[in-house]
Amino acid sequence: MKFISTRGGEKVTGAQAIVQGLAKNGGLFVPEKFPTVTEEEIRAMEDMSYPERAAFILGKYLADELGGDYLKEVCEKAYSSFEGNDPVPLVKVDGESGLYVLELFHGPTCAFKDMALTVLPYLLKKSCEVTGVKDEILILAATSGDTGKAALEGFRDVEGTKVAVFYPDEGVAKMQRLQMTIQDGDNVFVSAVEGNFDDCQRAVKNMFASEEFNAELAAKGVRLSSANSINFGRLAPQIAYYFSAYVDLINSRQIEMGDKIDFVVPTGNFGDILAGWYAKKMGLPVRKLVCASNKNKVLADFFKDGVYDVKREFHRTMSPSMDILVSSNLERLLFEISGRNSRLTAQRMKALAEKKEYSITEEEKAKLDEEFYGGFASEDDTIEAMYEIFDEFGYAMDTHTGVALWVYLQYKEMCWKKDKKDKTPIIVLSTANPYKFPQDVLYALSGNDVKDSFKGIKRLNLLTAMKPPKCLLDLRYRTPRFKTKVKNDLKQMTDAIMRFVDGEIVPVPVDKK
């Protein structure tokens, strides 16, 4: 299968898209055409394990180059690191209203990014072999909290790679910061940036676009690739769990083949929900994809009025992984609704960079209205939704899922106003373990406010009886290895990368007490 740039001018294979990460003109790679999954194939997935389902969906894009057997093998390896028998359990929260939660946080870093970043190293390794790339690969990522740790853990000590992560100094939760700064491995680098996630992401994209920076790396036998969802290899594994959730509903006799369902997705960079839209394009019976934003509601406003405007105040919230104003993956959707008009997509991205806004046509807005619903939750709304669901059903969730639950409640009310007999099942994607944000979750569920994260874990455990993940408990006894902080300045950030590549930045030795 071939992949093309959303901004035109480039066509590559899937393996090339994974190795390269970003198109040379700054565009994102998308499949030249979407593969289809038939009803018969969905039925066949009923008897598959999750790794087999994931390998099947990945194979629709990559089997010709990477091999179906290889994809099955690597999915088995990747998801063997997840806790429990099912890497992606679907939990029925309220059978009366048809509310389900798809738990995506059972991987090694307790966040949904593990679903893709445990697989990506294998995809990248094989893609390098297929394309004949022998350079060392530098994985470069900006993170709002979860991608960073998942990328660091996924690529830790993987031969032929280095991984560097930039995170906003004041824009991640305490647990997220700890997870990144204690990271093991001889090929990893972590740095805080004085700014927000958009600053980090902008700088990383500029590094990819800088001919001078890439030439410096090439002279050292190093080439860049990405672990962010701008890389199709990061995005593709996420498509699988939408199909898997649907098949689980069939297996449990909640729906019949062909019935439509809705998904509610807490959204920041738009990758997770875009994967759901890709699943729909491939043939999954999806009625609506509900985009849930926090107080940084640029996406909710976009779905409401068709204008993407980042000239607004940036808010730090209790759902930090969604504290984003520039949602990179929206570019892929814009490309599709414009009729795959690469010139128009490039113009809009240029307008966003220079004028901080762009708008879409009424026709394009109508296309979005058919498939998407956008809503947002304030901090108080998030707390209220978390409390209500826990109080009524005993289900505890993290703050990002709390945002999604609030938007779910608004969306469900709207559906019932249209049709009081509407029983369409709705699946809310849960993107992180509640213990990653123990203080905020504890406050939402009980009103108790504690300053220490580990006291928060203890009290949350007493309140919910949920077992805290060992990987989070162990953070208490670890010494941070990375203390680097740079200004929001491209030169400082590239200098830090070059010092890392040259071996001049030496982290504190691993300390596992």
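None of the figures in this text is laboratory data; all of them are computed from the coordinates on show. What you are looking at is a predicted structure, and each value in this text was computed from that prediction instead of being measured. Cβ coordinates were reconstructed from backbone atoms using ideal geometry, including for glycine residues, and neighbour counts include every protein chain displayed.
Here are a few things to note about the model shown:
- Distance from the stretch 45-61 to the stretch 67-84 (C-alpha centre basis), Å: 10
- Viscosity 0.692 mPa s, temperature 37 °C, Stokes-Einstein D of the stretch 120-248 from Kirkwood C-alpha radius, µm²/s: 212
- Cα gyration tensor category, rounded, prolate or oblate, for the stretch 88-155 with a/c compared to 1.5: prolate
- Percent of alpha-carbon pairs separated by more than 16 Å within the stretch 250-325: 58
- Equivalent ellipsoid semi-axes, the stretch 272-390, via Cα gyration tensor eigenvalues times 5, rooted, Å: 25, 20, 11
- Cα-Cα separations in the stretch 298-360 greater than 13 Å, expressed as whole percent: 64
- Ordering ARG348, ARG43 from the fewest to the most neighbouring beta carbons within 10 Å gives ARG43, ARG348.
- Taking the inverse of the mean 1/r over every pair of distinct Cα atoms in the stretch 1-89 gives a Kirkwood hydrodynamic radius of 14.5 Å.
- Each part gets one Cα centre, and for the stretch 85-145 versus the stretch 451-507 those centres are 20 Å apart.
- Dipole magnitude of the chain about its Cα centre (Cβ charges: Lys, Arg +1; Asp, Glu -1), debye to nearest 20: 720
- The trypsin sites (Lys or Arg not before Pro) of the stretch 407-497 that meet both conditions, a loop assignment by DSSP and at most 15 other Cβ atoms within 10 Å of the site Cβ, are LYS420, LYS421, LYS423, LYS451, LYS483.
- Equivalent-ellipsoid semi-axes for the chain (Cα gyration tensor, √(5λ), whole Å, largest first): 31, 28, 24.
- With the convex hull of its Cα atoms as the shape, the stretch 435-484 has an orientation-averaged projected area of 3.9 nm².
- Note on ASP502 and ASP47: the model spin-label points, each 7 Å out from Cα along the C-beta direction, lie 6.0 nm apart.
- Only Cα pairs under 8 Å and 6+ residues apart enter the sum, and on that basis the relative contact order of the stretch 1-51 stands at 34 percent.
- Packing rank of 263-271, 160-168, 45-53, where each peptide gets the mean count of other beta carbons within 10 Å, highest leading: 263-271, 160-168, 45-53
- Full extension of the chain between LYS423 and GLU388 yields a length gain of 10.5 nm, computed as 0.36 nm times the residue separation minus the alpha carbon distance.
- Long hydrophobic helices in the chain, taken as whole DSSP H segments with a C-alpha length of 27 Å or more on their own axis and mean Kyte-Doolittle hydropathy at least -0.5: 232-251, 399-418.
- Per-pair calculated FRET efficiency, R0 = 51 Å: ASN341 and SER80 via Cβ, rounded to 0.05: 0.75
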